[in-house]
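Everything below concerns the one structure shown next.
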Amino acid sequence: MNLRNCARLAFLLAGAGAAGVANAAAAELARGVLVDAAQDRAWVSDANGLLHARVVSDGRLVWRTTEAADPLLEFGDRLLALGRIDTKGVGLLLLLDAADGRVLDRIAFDLPEHVAAVRAPQPGEKFEVSAERTPQGARLIWRNWSTPLRGAYEPGENDPKYSEGAFDVSLSTNRNLAVPLEQVPELPAAPSIELAATERLAGLEGRQFRSADGSAVMAAEAIPDPAFGTAWRLTLRARANSRAAGSIDLPYSYVPFALLGEVVLYRTEAAYWRDARGEAQGHPARLVAFDLASNRQLWAVEVPPLHFDGPLPP
């Protein structure tokens, strides 16, 4: 999601050689979360913006960055992430070593003067980026919405402002470059989260949802719950053979998820409630790994909320 006809190339380091773009199978589970079932690996930006690489099956921390980074694409031995600059008008990509999280290269790109390349929720601002693999590296399309924060309406001054742009990132040469595109292409069509009638698995009632990598299905069934009134039993199956993996009860009818054997990895927003004794319970937005076989949570990482819910400026 980047501006037409602009790109400032800066912060280019010489550390990332001329290796070609390797095959990879990581899928985006949610904003700030990539998962690769074949590697038993997840990359997730925590609530502080730091990027973790974790083993899904046991939660073991493989590495963690020392600066903010949002994972975008995985290229086998490398990871492309959106870095953070506390300045409007310029964005930063980080090329990371997938083995240990080291920064191999920094690639800067131009933005309009009013745009900050920050995906974390902000008051009156929203920045989104879509990334897809290309033979040379990656294509990024960015979009930004900004609304002035004013106490009184002023015609023409309070109208939302929309900006967009795109650039290609070359990762197959001696220098990694961000090359702006004169025209912003259409966003690649994403498959619907809910399965079409022709895709549904037999024997599963209710709405059926596809996993991040498309290999599994989640079906939601409403059940009574003392705390929420209604909760949802989410049943999971592999699409290839319809094998039942298990189920989990949550206060959501759908969560973005990936199924890795008998472990389901899912992301939720914050939830707060009172238990049977009237005591307050809850959790922030988080990424959770849950073992369906033993019916227990393996690990969880607090993640940024999708929408700004903090105090507004006076």
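Within the range 235-314, list the GluC sites (Glu not before Pro) lying in a DSSP loop whose Cβ has at most 12 other Cβ atoms in a 10 Å radius. Show your work: numbers first, answer last.
Numbers: sites: Glu262, Glu269, Glu279, Glu302; in loops: Glu262, Glu269, Glu279.
Here the sparse-neighbourhood loop sites are Glu279.
Multiplying the sequence separation of Ala197 and Ala25 by 0.36 nm and subtracting their Cα-Cα distance, what value in nm do you get?
Details: separation 172, 0.36 × 172 = 61.92 nm, distance 2.67 nm.
The span from Ala197 to Ala25 would gain 59.3 nm if fully extended.
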Item to check | Label-reachable residues, the range 201-229, where backbone N falls under 12 Å from a point 7 Å from Gln281's Cα toward its Cβ | outcome: 225-229
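Take every Cα pair under 8 Å in the chain that's 6+ residues apart, average their separations, divide by the length, and report that relative contact order as a whole percent. Show your work: numbers first, answer last.
Details: 776 pairs, mean separation 50.0, N = 314.
That works out to 16 percent.
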Next on the checklist: Take Ala38 and Thr230, extend 7 Å from each Cα along the Cα→Cβ direction, and tell me the distance between the two endpoints in nm.
Outcome noted: 4.1
Checklist entry - Which FRET efficiency, nearest 0.05, do Thr134 and Ala270 yield, Cβ-Cβ r, R0 35 Å? => result 0.45
Next on the checklist: I need the trypsin sites (Lys or Arg not before Pro) found in the range 59-142, filtered to DSSP loop residues with at most 13 other beta carbons within 10 Å of theirs.
Outcome noted: Arg60, Arg102
Checklist outcome for this item: Rounded to whole Å, √(5λ) for the Cα gyration tensor eigenvalues of the range 83-134, largest first, gives 22, 12, 12
Checklist entry - What is the packing order of peptides 92-98, 174-180, taking the mean over residues of other C-beta atoms within 10 Å and listing the highest first? => result 92-98, 174-180
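Rank-order 185-198, 282-295, 42-55 by packing density, defined as the average count of other C-beta atoms within 10 Å over each peptide's residues, highest first. Let's see the in-between values first.
Numbers: 185-198: 10.1, 282-295: 16.4, 42-55: 20.5.
With the highest mean Cβ count within 10 Å placed first, the list reads 42-55, 282-295, 185-198.
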Checklist entry - Which distance in Å, rounded to a whole number, links the C-alpha centroids of the range 82-106 and the range 279-304? => result 29
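Quick note: the coordinates plus some simple rules give every number you see, no bench work behind them. Everything numeric in this text was worked out from a predicted model, so none of it was measured. Every residue, glycine among them, receives a Cβ derived from its backbone with ideal geometry; neighbour counts consider all protein chains shown.
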